[in-house]
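Data first, discussion second: the structure below is written as structure tokens.
The values are calculated or read from the model by the stated rules, or taken from the named source; none is laboratory data. Treat the numbers as computed from the prediction; the structure is a model and nothing was measured. Glycine gets a Cβ as well: all are built from the backbone with ideal geometry, and neighbour counts include every protein chain shown.
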Amino acid sequence: MGRMFDVVVVGGGHAGAEAAAAAARCGARTLLLTHRLDRLGEMSCNPAIGGVGKGHLVREVDALDGLMGRAADAAGIHFKLLNRSKGPAVRGPRAQADRALYRAAVQGLLRETPNLSIEEGVAEGLERGPDNGIAAVLTGEGERIGCGALVVTAGTFLRGEIHLGPERLPAGRHGDPASIGLALALAALDLPVRRLKTGTPPRLDGRTIDWAGIEAQPGDDPPEPLSWMTERIANPQVVCGITATAPGTHAIIRASLDRAPIYTGQIQGAGPRYCPSIEDKVVRFADRERHQIFLEPEGLPGTEDIPTVYPNGISTSLPRDVQEAVIASIPGLRRARILRHGYAIEYDHLDPRALRPSLEVRAVPRLFLAGQVNGTTGYEEAAAQGLLAGINAAHRAAGGTEARVLLRTEAYAGVLVDDLVTQGVTEPYRMLTARAEHRLRLRADNAGLRLTGRGLEWGCVGPERAARHRAFATAVTEALARARAETATPAALAAAGLPVNQDGIPRTLLEVMALPAAQGPALDQAFPWLRDLSPGVRTQLETEALYAPYLARQAAEFAALEREERLRIPEEVDFAAIAGLSTEMRQRLCAARPATLGAAGRVPGITPAALVALAGHLRRGASPARAGAA
Amino acid sequence: MDTIFALATAPGRAAIAVMRLSGPESRRMLEALAGRLPAPRRAALRRLSAPDGTVLDEALVLWLPGPASYTGEDSAELHLHGGAAVVAGVGEALAGSGARPAEPGEFTRRAVLNGRMDLTAAEGVIDLIEAETAAQARQALGLAGGGLTALCAAWAGRLTGLLARQEALIEFEDEGLPDALEDEVARAIGVLAAEMTARLTADEGGERVRAGLDVAILGAPNAGKSSLLNALVGREAAIVSARAGTTRDVVEARILLAGLPAVLADTAGLREAGDEIEAEGVRRALHRGAAADIVLAVLPCGATPDAATLALVARRDCILVASKADIGGPVPEGALAVSVRTGEGLPALREKLEEVASRLAPVSGAALLARPRHRAAVRDALRWLGEAMVASLPEMRADALREALQALGRLTGKVGAEAILDRVFAEFCIGK
């Protein structure tokens, strides 16, 4: 019969690595199958992790004891907290990593994960069991590996096609073969497939850049780590550069548009609007005279044979000669040598509306999909999905039936999955804080408080983090309770040097802390116990105080949303059989198959009446109908 | 959970209009409106008054405590006298005490969620909800024609644009966005808020068209206010006696002025009150006068205007009436001499009233924000725009703008995150 694992994960990118590690942490005997062991944890595009929205996702992955934050800290060579001048809710930690160190960190973390085997191999076929669900993976070597659940993280490998000017070649990431066998096996499942496009800039030889003529951009000092478990950043830090395109650059691009695959019709798939190619920017924003370019070293000095620099901002699929002319036209890059040309890649992704909120394919029991194959872009989006797919796969393999989901009201990862499975995608999906309705609650700084408890329930959090978390969460809860309970009169506050309106109404400490004028040493003098708080607890208290008035005003809306989010629509619901739904509503609901009443409300075109009918049906399912109750 | 209210009967002229109220605050709101609660599920006659004491209607009131109510929540029904003025007044009073107008289908949705509705024979019920939804949708936009839709859509469009800019500033800090963007957004919020406020104020006429004009008759005791009311109404609505201080409370009667519904209110005479009840009457009279659209200040011919009457005349839209013209005596300057006994001056007074009424409530159809529901949504949006203007952090400002957009969305349909992001990417060159 061959070998048997609880969970098999195919693919060793960011989704695959998190999925395998999470499944194994949950106690599942797990096999990670990747076609090149040495490329596990590869950063195939930009050497940076985090940012606004994305940094939130990394912190959430970290809160569930995932790998990405720790690996980025171990490999980080330039850290920056974005939106530092704005409020804590939208601050996004970001790190640029040394590519080799990052791979090593991921591989090291995977190797030390108990229950996890890692092997080189190619998945060529899928075997399905009597219930039509996944039973085994067939490898390129002809081995049959049985599994309780399978997670496929195929990235852009499905019918991937690279465009570089007129050149077209089948491929996954640079230098990797497209996964033909797996693509065929997935195609045989007859899942809805769509085509997307993404791109990458040319890579430059760092020795040929005129760094002296370029504005330097140092990282934060001290750097803010991505993982809550990281005490300090050990790597030396590098400086990035900022340059920009020149008018001559734009002239060169305009003169070459007849050879640009995105304009000649050679590329059909939709590209991301937030990451347009330089030719797209020049055409769509014709009045802009310059476009910024960040020059990001891909590694620490002296560690690479040739120091590679990633010029962030000029993704392109223009022909090789045009790319060379473009680079030579940019200040500071006149002599720069291109190590590898930029290109666009078109690939198939599966319509994520075919997935359950657990990321399991609805039509194929025990098959989970995560990452770019679901129509997302970005390492962080992939990692978050991989983590959740791994947790669910392990749970499923152990006989669990309930999906393990995060709600929109509790996590960006919840927003991500809900958007994917109820709305689908029209372009590669990237996380943005504007997608989260409850942005002021879902902060990078409180990811652990929001999610580690959930992770403990699910069994994916190790003992070290668990202990730290419990102590911290208790301290924050106690401090908050005290700050809400402790009050002072305006007169007493004024006497303590904390000016507030003299209206005679006592203020809680939390209210006082929200006042811009009531900061500094006077606050600590009036409430001496604040001095005893650890900086982390103190920060949580201050942040809660800052947003409390806003959160209070949205409390009713939040409660209503949460209630509808928790009203589950059972998998087996037959929308066609629900009395009172119009044909159109039935079709829309059947296509989207929302998992909760809240999600149903977000399905485009669903009317209030349809929601009422649906809610009625759910109620009736939950408890026997009471005749004449209306 | 909010407490919601809506008219359960069709809008428009009818003998009875049923207003429903549901939610956790129903009891408090009903008590504030109608005083003592009736026994559960028993109809009782109550006088409904606004928070300021203004009498709104005499209505049949039902108190329907949850869970054995239609929605399963604490609820109430108010069987009002039909007519826009009463319905609008009660709606405003409820909104003032914290309730909000219900969304389409919301009562039924709550009923279903609370397990109060058995949908085994659901098709009929759903049809009803479709009808309810359609009616409310028509009420929300349809009746006003395309003008309101266009107006609100234009506001929502501008607001979406502002939110998109604010979001771009949050999401794409290092993308080289224009430096002035933050200030531009702040300025534009102010401009939009000012326009919305101006429109709300200008369209008060529209609200008057719907809700009816409020005309208060004020003056010293025994000046002949009640007689004037009766003469204008053409029937004996107020008790008239030769004794001063007969009218101790506000007496209302409805008339049409230039085709507009109007409520004529007779009030207690303004003087040092003899007893507590009369004092209360005076207080209410002054209050009513302050809130009225038009004041008829009544002064008998030959009498010296007292301070209270002079104060009234000073305000705009006050018509000074010199009553008892048949008795004789000098007519004060600017006053209209009227005798209810001979009918002298009554046509002129009526004409004058109609002239003022037409000026206050132009029936041009230009007033778009006329319904309480529309005005509530716009006021709500304005409240959040106010928050946005004082927000101390960009993400708070964005949140407030989003709430404002949602408030307008009750009239124009929801604006989702995708629509905002569309604007971001259309306007700014994002992507490094």
Against the condition surrounded by 14 or more Cβ atoms within 10 Å (Cβ to Cβ), at pLDDT below 75, within 14 Å of chain A (Cβ to nearest Cβ) and closer than 30 Å to B:A188 by Cβ, how does B:A370 come out, does it pass? no
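Select from region A:531-587 the residues that are assigned to a loop (DSSP other than H, G, I, E, B) and surrounded by fewer than 16 Cβ atoms within 10 Å (Cβ to Cβ) and write down the one among them that is nearest to the other protein chains (Cβ to nearest Cβ).
If we take residues in region A:531-587 being assigned to a loop (DSSP other than H, G, I, E, B) and surrounded by fewer than 16 Cβ atoms within 10 Å (Cβ to Cβ), then A:S582 is nearest to the other protein chains (Cβ to nearest Cβ).
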Given the condition outside any helix (DSSP H, G or I), hydroxyl-bearing (S, T, Y) and more than 28 Å from A:A559 (Cα to Cα), answer yes or no: does some residue in region A:371-379 qualify? yes
Taking region B:391-412 and the residues there that are within 11 Å of chain A (Cβ to nearest Cβ) and free of Cβ contacts under 8 Å to residues at least 60 places away in the same chain, the one that is farthest from B:V185 (Cα to Cα) would be B:Q406
Does region A:445-465 contain any residue that is within 17 Å of the chain's Cα centre (by Cα) and within 12 Å of another protein chain (Cβ to nearest Cβ)? no
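Given the residues A:P272, A:P311, which is the only one that is facing chain B (nearest Cβ under 10 Å), in contact (Cβ under 8 Å) with a residue 12 or more places away in the chain, in a strand (DSSP E or B) and in contact with an Asp or Glu (Cβ under 9 Å, 6 or more places away or on another chain)?
Numbers: A:P272 fails: in a strand (DSSP E or B).
That would be A:P311, the only listed residue that is facing chain B (nearest Cβ under 10 Å), in contact (Cβ under 8 Å) with a residue 12 or more places away in the chain, in a strand (DSSP E or B) and in contact with an Asp or Glu (Cβ under 9 Å, 6 or more places away or on another chain).
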With criteria (1) assigned to a helix (DSSP H, G or I); (2) modelled with pLDDT of 80 or more; (3) in contact with a helix residue (DSSP H, G or I) (Cβ under 9 Å, 6 or more places away or on another chain), B:A154 comes up short on (3)
Select from region A:264-278 the residues that are surrounded by fewer than 19 Cβ atoms within 10 Å (Cβ to Cβ) and not polar (S, T, N, Q) and write down the one among them that is farthest from the chain's Cα centre (by Cα). A:G265
Hey, A:G241 hits all of (1) more than 14 Å from chain B (Cβ to nearest Cβ); (2) within 31 Å of the chain's Cα centre (by Cα) but one; which does it fall short on? (1)
Residue check for A:R70: more than 14 Å from every other protein chain (Cβ to nearest Cβ), of a type in the set (K, R), free of Cβ contacts under 8 Å to residues at least 40 places away in the same chain and surrounded by fewer than 24 Cβ atoms within 10 Å (Cβ to Cβ): no
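Select, from B:L21, B:L56, B:L60, the only residue that is surrounded by fewer than 21 Cβ atoms within 10 Å (Cβ to Cβ) and not in a loop (DSSP other than H, G, I, E, B). Quick ask: steps written out before the conclusion?
Numbers: B:L21 fails: surrounded by fewer than 21 Cβ atoms within 10 Å (Cβ to Cβ); B:L56 fails: surrounded by fewer than 21 Cβ atoms within 10 Å (Cβ to Cβ).
Selected residue: B:L60, the only one of B:L21, B:L56, B:L60 that is surrounded by fewer than 21 Cβ atoms within 10 Å (Cβ to Cβ) and not in a loop (DSSP other than H, G, I, E, B).
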Please state which of the following conditions A:R356 fails to meet, knowing it meets all the rest: (1) surrounded by fewer than 21 Cβ atoms within 10 Å (Cβ to Cβ); (2) assigned by TED's automatic domain parsing to the domain that holds A:A246. (2)
Members of region A:142-158 found to be under 23 Å from the mean Cα position of the chain (by Cα) and more than 14 Å from A:A15 (Cβ to Cβ), listed by number: A:A149
A:T409 - would you say it is within 22 Å of A:W458 (Cβ to Cβ), among the hydroxyl-bearing types (S, T, Y) and assigned by TED's automatic domain parsing to the domain that holds A:V137? yes
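Residue by residue, here is whether (1) modelled with pLDDT of 95 or more; (2) farther than 16 Å from A:R70 by Cα holds:
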residue: A:V9; (1), (2): yes, yes
residue: A:G12; (1), (2): no, yes
residue: A:A17; (1), (2): yes, no
residue: A:A22; (1), (2): yes, no
residue: A:R39; (1), (2): no, yes
residue: A:I49; (1), (2): yes, no
residue: A:G53; (1), (2): yes, yes
Within region A:357-404, residues over 10 Å from A:L150 (Cα atoms) and of a type in the set (D, E) come out as A:E380, A:E381, A:E402
Selection count where residues are without any contact (Cβ under 8 Å) to a residue 24 or more places away in the chain and crowded, with 23+ Cβ neighbours inside 10 Å, scope region A:292-303: 0
Return a yes/no flag: does region A:279-291 have any residue that is surrounded by 23 or more Cβ atoms within 10 Å (Cβ to Cβ), more than 7 Å from chain B (Cβ to nearest Cβ) and not aliphatic (A, V, I, L, M). yes
Check A:A251 against each of (1) surrounded by fewer than 19 Cβ atoms within 10 Å (Cβ to Cβ); (2) part of a loop (DSSP other than H, G, I, E, B) and name the one condition it does not meet. (2)
Among (1) in contact with a helix residue (DSSP H, G or I) (Cβ under 7 Å, 6 or more places away or on another chain); (2) within 14 Å of chain A (Cβ to nearest Cβ); (3) modelled with pLDDT of 80 or more, which single condition is B:I126 missing? (3)
Starting from region B:295-316, keep only residues that are surrounded by fewer than 17 Cβ atoms within 10 Å (Cβ to Cβ), then list their pairs with residues that are among the charged types (D, E, K, R) whose Cβ atoms are within a distance under 9 Å, requiring at least 6 positions of separation or different chains. B:G302/B:K324; B:D306/B:R271
Only one of A:R396, A:R404, A:R482, A:R450 is assigned to a helix (DSSP H, G or I), farther than 22 Å from A:G55 by Cα, modelled with pLDDT of 95 or more and in the same structural domain as A:A89 (by TED's automatic domain parsing); which? A:R396
Report the residue count in region B:167-195 for those that are within 14 Å of chain A (Cβ to nearest Cβ) and either at pLDDT 85 or above or part of a helix (DSSP H, G or I) (or both). 9
Tally, over region B:69-82, of residues that are surrounded by 21 or more Cβ atoms within 10 Å (Cβ to Cβ) and under 18 Å from the mean Cα position of the chain (by Cα): 2
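Kindly indicate whether A:E324 is in a helix (DSSP H, G or I) and either assigned by TED's automatic domain parsing to the domain that holds A:C45 or without any contact (Cβ under 8 Å) to a residue 60 or more places away in the chain (or both).
Numbers: in a helix (DSSP H, G or I): yes; either assigned by TED's automatic domain parsing to the domain that holds A:C45 or without any contact (Cβ under 8 Å) to a residue 60 or more places away in the chain (or both): yes.
The answer is yes for A:E324.
From B:A68, B:A76, B:A88, B:A95, grab the single residue that is within 17 Å of B:F107 (Cβ to Cβ), assigned by TED's automatic domain parsing to the domain that holds B:S22 and part of a helix (DSSP H, G or I). Show your work before the answer.
Working: B:A68 fails: part of a helix (DSSP H, G or I); B:A76 fails: part of a helix (DSSP H, G or I); B:A88 fails: within 17 Å of B:F107 (Cβ to Cβ).
Checking each option against the conditions leaves just B:A95.
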Taking A:R441 as meeting all but one of (1) within 14 Å of chain B (Cβ to nearest Cβ); (2) closer than 27 Å to A:D351 by Cα; (3) charged (D, E, K, R), write down the number of the exception. (2)
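Condition first: within 11 Å of A:R203 (Cβ to Cβ) and surrounded by 17 or more Cβ atoms within 10 Å (Cβ to Cβ). Now tell me which residues in region A:327-342 satisfy that.
Within region A:327-342, A:I327, A:A336, A:I338, A:H341, A:G342 meet the criteria.
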I'd like to check something: does region A:39-56 contain any residue that is in a helix (DSSP H, G or I) and without any contact (Cβ under 8 Å) to a residue 40 or more places away in the chain? no
